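Working notes, beginning with the structure itself.
The values are calculated or read from the model by the stated rules, or taken from the named source; none is laboratory data. Everything quoted here is computed from the prediction, not taken from an experiment. Cβ atoms come from the backbone with ideal geometry, glycine included; neighbour counts cover every protein chain shown. These area figures cover heavy atoms from the full protein model, side chains too; ligands, DNA and RNA do not enter into them. Shrake-Rupley method; radii C 1.70, N 1.55, O 1.52, S 1.80 Å.
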Amino acid sequence: MNEISTTETKTHALGVDIQGLQKSFNGHVVLNGINLTVKPGEIFAIIGPSGSGKSVLLKHIIGLEKPDSGDILFNHRSIQSEGALEKYRLAMVFQSSALLNSLTVGENVGLFLSEHRLKPPSEIRRIVAEKLAVVGLEGLEGRAPSELSGGMKKRVAIARALVIEPQLILYDEPTSELDPLMAVTVGHEILKLRRKTNVTSILVTHDQHLAFGVSDRVAMIHEGKIIFTGEPAQMKNSENPVIQKFLNAKFNS
Amino acid sequence: MFQNIGEMLTLFWRTLKSAGITWRQRRKIADQLFDIGNASLLMACILSLFIGGVLALQTGPMLVERGLASVIGGIVGMSMCKELAPVMMAILIAGRIGSAMAAEIGSMRVYQEIDALQTMNINPIHYLVVPRVAAISIALPALVIFAILTGWLGGALVCAFNNEISLSFQGYFNNLKDVVGMGDVLNGIFKSFVFSLIIGVVSCHQGLTTIGGPRGIGRSVTKAVVNSIVLILILDYFLTRSLLYLE
Ligand SMILES: Nc1ncnc2c1ncn2[C@@H]1O[C@H](COP(=O)(O)OP(=O)(O)OP(=O)(O)O)[C@@H](O)[C@H]1O
Ligand SMILES: [Mg+2]
């Protein structure tokens, strides 16, 4: 198992550079030259239509997919190079939560610490309880993931990512199944985590409140390309018709 | 199937290289062992009781007719421990345990649980493959010991109670003891150990390479079982051949 650095992460903020990223699945182009720079410690939101490749982009950043061409750099070093990904503490909240169904909620949340033997079991139990409380699920350690609602699973997945104390955290639709109050709580947690550890956060979401409420900058992905990057206010005022249409979608009754 | 053999060998090699962590995974191995024992021990014993019985039934009357009743014990004993127990138990375990392994790992692949492990820097080979291969390589040889013993017993029962044979327990086992040595039993156990590695690696490999949804999982399960059995039967021939050279 790879050595995980346990040093104070605050000083090791991680910058992400995405350069000309291209990816097709069976001839169907999904990412068509993505260029993005996320600064260390930044909260960066990505919005865009369903099926535009946001999840695929996140999977590339965390090394689950290999690009057809282009590259991703962590602190100016390609993640394709040997050991580059293992050097950093990374976490991802999957769109589908991706909890391990054979483990309990508590074991899921503590998995990173127990598998890498970073803490003694009693300490792990304490941390798990604490993180579950953060997402409003105190006392559910013993439940099986199959006994949870979609939104509860998502919150367990967030707790599992928080336990890692990552330098880079990727959220794929963290609030898509949550009620508005819980979504606000999650937004606060995203901000709090950054304050505490200066983590770099990349956030994919359809939730405009969340994107504009917590992020420093927002990008819009459309047909495999980034068509806009800027601060939330700049995006809202953008004249680009695609963006305006996307942000102002309403029922016309 | 054969184009995957390279991949399977790679997986086998990587599993071997990670074997050092086996002790750390002992709790998971114990859980797996419990599952395997629970699912298969009774079945293995019943199956081999009948296999031993049918062997005696097929050979017994013919040998008695020719005045060779005294060699039945040796024939049943030898075929049971060198061939039938290892192969039949391997097939049973491929069907019961290999299929379950492929299904479990396959659904973890499809539902992104393995991706989640990877993002946490947890090696799926350490976490999923090593404990399963270790458990099956302990469980199958152990089951084979039970199978050999119950198979012998099955043969003895048929010899004693079948009117056309009517060979006493004592006559049966005396001959068995004369013919079958410890080496022959070890020979069968060794074979089953090799078979267990085939089942473990083939099933885990199928699970890990599952694509698609529930249908993909179904496909993986079928392939895991069929490929394991085919490989076991082919390898059995060559293994027997080489073990014969050693004798
Ligand atoms: N493993 C894969 N094999 C084939 N095609 C894929 C694969 N993964 C994603 N795709 C395709 O890539 C495209 C983008 O998928 P992705 O999941 O990134 O969309 P998304 O932007 O996250 O959408 P949503 O907002 O609905 O989550 C889709 O057309 C999808 O069919
Ligand atoms: Mg998505």
With springs connecting C-alpha atoms under 10 Å apart, model chain A as a Gaussian network and identify which of A:240, A:35, A:108 has the largest mean-square fluctuation. A:240
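Within chain A, what whole-number % of the accessible surface is contributed by carbon and sulfur, with the 1.4 Å probe and all protein chains included in the calculation? Please report the intermediate quantities before stating the final value.
Numbers: 5830 of 11520 Å².
Answer for chain A is 51 percent, counting heavy atoms of protein chains only.
Dipole of the protein assembly as shown, Cα-centred, from +1 at each Lys and Arg C-beta and -1 at each Asp and Glu C-beta, to the nearest 20 debye?
Working: 45 positive and 40 negative charges, 116 e Å.
In total the dipole reaches around 560 debye.
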Cβ charges +1 (Lys, Arg) and -1 (Asp, Glu), total dipole of the range B:1-44, debye: 280
Cut-off 10 angstrom, C-alpha nodes, Gaussian network model of chain B. Which of B:213, B:106, B:60 fluctuates the most? B:213
Excluding same-chain residues fewer than 8 positions from residue B:177, which lysines have a Cα within less than 18 Å of its Cα? B:82
Taking a straight Cα-to-Cα line shorter than 17 Å from residue A:153, and setting aside same-chain aspartates and glutamates fewer than 8 residues away, one finds A:107, A:130, A:138, A:141, A:172, A:173, A:177, A:179, A:189, B:113, B:115
For residue A:225, counting only lysines whose alpha-carbon sits under 18 Å away and dropping same-chain residues fewer than eight positions off, the answer is A:23, A:54, A:59, A:66, A:245
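In peptide A:111-120, what is the residue-averaged number of other protein chain Cβ atoms found within 10 Å of each Cβ?
Values: counts 5, 5, 1, 0, 8, 3, 1, 0, 0, 0.
Across the residues of A:111-120, the mean count of other-chain Cβ atoms within 10 Å is 2.
Would you mind giving the mean number of other chain beta-carbons within 10 Å of the Cβ of each residue in A:90-100, as a whole number?
5
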Accessible solvent surface per residue of the range A:100-162, calculated while the other protein chains remain in place, 1.4 angstrom probe, Å²: 41
Is there a quick way to get the dipole size of the range B:171-247? I mean about its Cα centre, with the Cβ of Lys and Arg at +1 and of Asp and Glu at -1; what is the value in debye to the nearest 20? 440
Taking every alpha carbon pair in the range B:26-237 and sorting the distances into 10 angstrom bins from 0 up to the bin holding the longest one, the percent per bin comes out as 9, 31, 28, 17, 10, 5, 1, 0
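Can you give the accessible area buried between chains A and B, summed over both chains, with a 1.4 Å probe, in Å² to the nearest 100?
Details: alone 12380 and 12480 Å², together 23030 Å².
Answer for the A-B pair: about 1800 Å² buried.
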Just to check I understand the Karplus step: with θ = phi - 60° and J = 6.51 cos²θ - 1.76 cosθ + 1.60, what whole-Hz values come out for the range A:210-222, glycine and proline as x? 5, 4, 7, x, 10, 8, 7, 9, 10, 10, 10, 9, 8
Shielding by partners - mean other protein chain Cβ count within 10 Å, residues of B:105-118: 5
Total formal charge among the other residues, if their Cβ is under 12 angstrom from that of residue B:24, Lys/Arg +1 and Asp/Glu -1: +3
The range A:152-183 to the range B:211-234: how many Å between their Cα centroids? 36
